[in-house]
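The values are calculated or read from the model by the stated rules, or taken from the named source; none is laboratory data. Please read these numbers as outputs of a predicted model, since none were measured by experiment. A quick note on method: Cβ atoms are made from the backbone with ideal geometry, for glycine too, and the neighbour counts reach across all protein chains shown. Please note that ligands, DNA and RNA were not included when accessible areas were found on the heavy atoms of the full protein model with its side chains. Shrake-Rupley method; radii C 1.70, N 1.55, O 1.52, S 1.80 Å.
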Amino acid sequence: MNKIYWTLFIHNEWRLYMAATENGLSYIGSQGKPYEEMEAWLAKRSPKLELVEDEKALTPYMNELKEYLDGSRREFAMPVDLKGTAFQLAIWDALTKIPYGEKKSYSQIAELINNPAAVRAVGAAIGANPILITIPCHRVVAKSGALTGYRGGLEMKEKLLTLEMGER
């Protein structure tokens, strides 16, 4: 059976679960949510993987995340192991192209993938993003600029945007 390694990332006020396969990071959970959130997410998307707690396996990913949260990293270099539809993968790739400290609307993301009519589908794909923070779906806002849905919750989204805007 293939394994997925996980740990609880704790840094300052941040507490979130992370998981990775041998191929790369595959999950970052919501701020302050329990282990069961990660377990349910992974069981639904990768039912054949055995969950194994292994902080050492996640150390390189945790180091990059700490640097980001401390304000010394703006881009992630870590490998990721994403499972999704071709459309979801295209959306998640588009999200990684939103520069640090900038925001895009759902319709701008739809335009980036040359499918301007797919705004609702873009929103659904963003909601299915398994790797919060490193695939920066927190940088996507409503056309009006208002903060809208975020798997990690609007408080987490606002915290990440504040960090990136330099208003800590």
| task | Could you tell me the accessible area of Lys97 in Å² (1.4 Å probe, neighbours in place), rounded to the nearest ten? | result | 130
| note | With every protein chain kept in place and a 1.4 Å probe, the residues Thr162, Thr21 fall, from largest accessible area down, as Thr162, Thr21
| task | Would you mind pulling out the separation of the Cα centroids of the range 69-120 and the range 1-47, in Å? | result | 20
| Of Lys97/Lys143; Lys3/Lys83; Lys33/Lys157; Lys103/Lys143; Lys33/Lys97, which sit over 22 Å apart, Cα to Cα? | Lys33/Lys97
| query | Going by accessible area, probe 1.4 Å, with all protein chains left in place, what is the ranking of Met78, Met165, largest first? | reply | Met165, Met78
| Which GluC sites (Glu not before Pro) from the range 1-108 combine a DSSP loop assignment with at most 15 other Cβ atoms within 10 Å? | Glu13, Glu22, Glu75, Glu102
| note | Of every hundred units of 1.4 Å-probe accessible area on the range 11-93, the number belonging to carbon and sulfur atoms, as a percent, is 48
| Accessible area expressed per residue, the range 26-168, with surrounding protein chains retained (probe 1.4 Å, Å²) | 52
| said: Rounded to the nearest 20 debye, what is the charge dipole size of the chain about its Cα centre when +1 sits on each Lys and Arg Cβ and -1 on each Asp and Glu Cβ? | reply: 520
| Along the range 3-8, what does the Karplus equation 6.51 cos²θ - 1.76 cosθ + 1.60 (θ = phi - 60°) give for ³J(HN,Hα), rounded to whole Hz, x for Gly and Pro? | 10, 10, 8, 9, 7, 9
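Take every DSSP beta bridge whose two residues both sit in the chain, then give the antiparallel share in percent to the nearest 5.
So the antiparallel bridges in the chain amount to around 60 percent.
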| Hull volume in cubic angstrom per residue (convex hull over the Cα atoms of the range 63-126) | 93
| request: Pull up the cross-link candidates among the aspartates and glutamates for Lys44, meaning alpha carbon to alpha carbon under 20 Å and not fewer than 8 places away within one chain. | output: Glu22, Glu36, Glu53, Asp81
| query | Relative contact order (percent) for the range 22-141, with alpha-carbon contacts under 8 angstrom and 6 or more residues of separation? | reply | 33
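Run through the range 134-168 and list the GluC sites (Glu not before Pro) located in a DSSP loop whose Cβ has at most 14 other Cβ atoms within 10 Å.
In loop regions of the range 134-168 (DSSP not H, G, I, E or B), the sparsely surrounded GluC sites (Glu not before Pro) are Glu167.
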| task | Rounded to whole Å and sorted largest first, list the principal axis extents of the Cα atoms in the range 44-97. | result | 33, 31, 14
| query | Which helices count as membrane-span-like in the chain under these terms: full DSSP H, at least 18 Å along the axis by C-alpha, Kyte-Doolittle mean of 1.0 or more? | reply | none
| task | Provide, as a two-decimal number, the C-alpha radius of gyration of the chain over 2.2 N^0.38 Å, N being how many residues it has. | result | 1.00
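For Arg139, Arg73, write out the residues from largest to smallest accessible area, computed with a 1.4 angstrom probe and no ligands counted. Could the numbers behind the result be given before it?
On the way: Arg139 10, Arg73 55 Å².
Result of the area sort, largest leading: Arg73, Arg139.
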